[in-house]
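The values are calculated or read from the model by the stated rules, or taken from the named source; none is laboratory data. The model shown is predicted, which means the values in this text are computed figures rather than measured ones. Neighbour counts run over all protein chains shown; Cβ positions are idealised from the backbone, glycine included. SASA here: full protein model, heavy atoms, side chains in, ligands and nucleic acids out. Shrake-Rupley method; radii C 1.70, N 1.55, O 1.52, S 1.80 Å.
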Amino acid sequence: MTEDVEKRWSDGATFRRAASYAGVVIGAALSVMVITVVWVAAGEADECADEEMVCSTPGRYLLVFVPTGILLLGGLGAFVRAYRAWRTGGTWPIWHGAGWALLVFMLIYLGISARVFTST
């Protein structure tokens, strides 16, 4: 088992798995966002003002919280993978970085999408 201070953390296969995992989670969150916007916009095309994309309150909640939840669960899943890799003596910092990246994307998305509630 290697010590954490040795900094031998380069592992191409683990990096590819972690990057693929993060890409799938981000893709799922963006897909849900696009599907929600299209679904809500198609149902309320006549009722919305021109400057508002999502008019209904349920649509706004879906747009804000579902992709945010996907990114949150994905980040927590990456931290679980980091913990499991650490317990087995594997290259855990790669998964740890993927978890933090997903949580940062979650905060960015939440900050941008929360503006939907201020346009009322």
Worksheet, complete the sentence: If the chain between Arg16 and Val80 were fully extended at 0.36 nm per residue, the gain over the current Cα-Cα distance would be 21.3 nm
Worksheet item: What does the accessible area of Tyr83 come to, in Å² to the nearest 10, when a probe of 1.4 Å is used?
Response: 130 Å²
Worksheet item: Hey, rough spin-label estimate for Thr57 and Ala114, points 7 angstrom out along Cα→Cβ, what's it come to in nanometres?
Response: 2.0 nm
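In µm²/s, what is D for segment 55-118 at 20 °C and 1.002 mPa s, where D = kT/(6 pi eta Rh) by Stokes-Einstein and Rh is the Kirkwood radius from Cα pairs?
Values: Rh = 12.7 Å.
Result for D is 169 µm²/s.
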Response to the item:
Expressed in square angstrom to the nearest 10, the accessible area of Val32 with a 1.4 Å probe stands at 40 Å²
